[in-house]
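I have placed the structure first, in the form of structure tokens, so that the comments after it can refer back to it.
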Amino acid sequence: MQDTLRITEVFYSLQGETRTAGLPTVFVRLTGCPLRCQYCDSAYAFSNGTVRTLDDILEQVAGYRPRYVCVTGGEPLAQPNAIPLLERLCDAGYEVSLETSGALDVSAVDPRVSRVVDLKTPGSKEAHRNRYENIELLTRNDQVKFVICSREDYDWAVSKLIQYGLDRRAGEVLFSPSHHDLNARDLADWVVADNLPVRLQLQLHKYLWNDEPGR
Ligand SMILES: C[S@@+](CC[C@H](N)C(=O)[O-])C[C@H]1O[C@@H](n2cnc3c(N)ncnc32)[C@H](O)[C@@H]1O
Ligand SMILES: Nc1nc2[nH]cc(C(=O)O)c2c(=O)[nH]1
Ligand code: SF4
Ligand SMILES: [Mg+2]
């Protein structure tokens, strides 16, 4: 029996988020998630999907001849074979990123991967799932993200930024407005007013293609 993963989609688009926003990227979206964030824009990946071998996934990715590959979901780390997938993508020479909820242990992820760890805010309704031990593991190759739903979430994110010195641990600290919950302009004004060492991140793909799956 070959190594397999349950996959919702593999597609080539522009990265809409993180430090590589705007760069052509292949997305591998793994099926299933143990969380239920209030705002989740990828709920279509909670179930169904197709069981595929790692060889088959690697072959489709190679067909796009990408430089960047982003493994997302659902929650990628909920499937043990996400770990060998990430390793094999790195071995193939891609610049690999992993979008993860921060609720699962990130220690086994290949160090060549940029781990994008989302610290779930109170507004997500899943903040109790945050695994704070992950923060100790972060390096400058990793990124921390807060998806902010309200002024209360913003104040909470600032307190975590300061408490854990996140801007010194991770290469990027990303503040992203929760789409539909918070006006990006309000978040931008707060970041400037407080002179924060964070990057405002807008989800570029939603401006370009609205909320279509596969973009
Ligand atoms: C769909 S999740 C998949 C990976 C992983 N489950 C996680 O939560 O990081 C990818 C990223 O999209 C973010 N996201 C989901 N819905 C969003 C929304 N409505 N507005 C802004 N970001 C959102 C998540 O918080 C996460 O950082
Ligand atoms: N274009 C595009 N960029 C993305 N970056 C992270 C995504 C995700 O759903 O995790 C995503 C996505 O769904 N589309
Ligand atoms: S952890 Fe990620 S995929 Fe799961 S519900 Fe939250 S945003 Fe959606
Ligand atoms: Mg998405």
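The values are calculated or read from the model by the stated rules, or taken from the named source; none is laboratory data. The structure presented is a predicted model; accordingly, all values stated were derived computationally and were not measured. Note that each Cβ is placed from the backbone with ideal geometry, even for glycine, and that neighbours are counted across all protein chains shown. Surface accessibility is based on the protein's heavy atoms, side chains included, excluding ligands, DNA and RNA. Shrake-Rupley method; radii C 1.70, N 1.55, O 1.52, S 1.80 Å.
Would you say Leu182 is in contact with a strand residue (DSSP E or B) (Cβ under 9 Å, 6 or more places away or on another chain), of a type outside the set (Val, Ile, Thr) and more than 16 Å from ligand 2 (Cβ to nearest atom)? The answer is yes for Leu182. Consider the range 110-121 and keep the residues that are within 16 Å of ligand 3 (Cβ to nearest atom) and assigned to a loop (DSSP other than H, G, I, E, B). The one that is farthest from Arg65 (Cα to Cα) is Thr121.
Can you find a residue in the range 44-57 that is within 11 Å of ligand 1 (Cβ to nearest atom), under 22 Å from Leu14 (Cβ atoms) and open to solvent by 20 Å² or more (accessible area, probe 1.4 Å)?
Yes: the range 44-57 contains one or more residues that are within 11 Å of ligand 1 (Cβ to nearest atom), under 22 Å from Leu14 (Cβ atoms) and open to solvent by 20 Å² or more (accessible area, probe 1.4 Å).
Please enumerate the residues belonging to the range 58-76 that are of a type outside the set (S, T, N, Q), within 16 Å of the chain's Cα centre (by Cα) and either open to solvent by less than 20 Å² (accessible area, probe 1.4 Å) or closer than 18 Å to Leu104 by Cα (or both).
Within the range 58-76, Val69, Cys70, Val71, Gly73, Gly74, Glu75, Pro76 meet the criteria.
For the structure I just gave you, tell me whether Ala82 is farther than 29 Å from Arg151 by Cα, away from ligand 4 (no atom under 16 Å from the Cβ), small (Gly, Ala, Ser) and surrounded by fewer than 19 Cβ atoms within 10 Å (Cβ to Cβ). So that I can check it myself, show each step before the final result.
Working: farther than 29 Å from Arg151 by Cα: yes; away from ligand 4 (no atom under 16 Å from the Cβ): yes; small (Gly, Ala, Ser): yes; surrounded by fewer than 19 Cβ atoms within 10 Å (Cβ to Cβ): no.
Judged against the criteria, Ala82 is not a match.
In the condition set (1) open to solvent by less than 30 Å² (accessible area, probe 1.4 Å); (2) under 12 Å from the mean Cα position of the chain (by Cα); (3) not small (Gly, Ala, Ser), Val26 is compliant with all but (2). The residues of the range 36-55 that are within 15 Å of Ala82 (Cα to Cα) and out of contact with any Ser or Thr (no Cβ under 9 Å at 6 or more places or on another chain) amount to a single one, Asp55. In the range 125-136, what residues are touching a Lys or Arg at 6+ places or on another chain (Cβ under 9 Å) and either crowded, with 23+ Cβ neighbours inside 10 Å or in a helix (DSSP H, G or I) (or both)? Scanning the range 125-136 gives Ala127, His128, Arg129, Asn134, Ile135, Glu136. All of Gly102, Gly93 fail the test of being open to solvent by 40 Å² or more (accessible area, probe 1.4 Å), more than 13 Å from ligand 2 (Cβ to nearest atom) and part of a loop (DSSP other than H, G, I, E, B), apart from Gly93.
Among the residues of the range 169-208, the one identified as without any contact (Cβ under 8 Å) to a residue 12 or more places away in the chain and within 14 Å of ligand 4 (Cβ to nearest atom) is Tyr207.
Only one entry in Ile83, Ile135, Ile162 is β-branched (Val, Ile, Thr), under 17 Å from the mean Cα position of the chain (by Cα) and over 28 Å from Tyr64 (Cα atoms), namely Ile135. Can you confirm whether Thr18 is within 13 Å of ligand 4 (Cβ to nearest atom) and either touching a residue at least 12 places away in the same chain (Cβ under 8 Å) or not charged (D, E, K, R) (or both)? So Thr18 passes the test.
Within the range 10-23, if we keep just the residues that are within 10 Å of ligand 2 (Cβ to nearest atom) and more than 12 Å from Leu204 (Cα to Cα), the residue that is most open to solvent (accessible area, probe 1.4 Å) turns out to be Tyr12.
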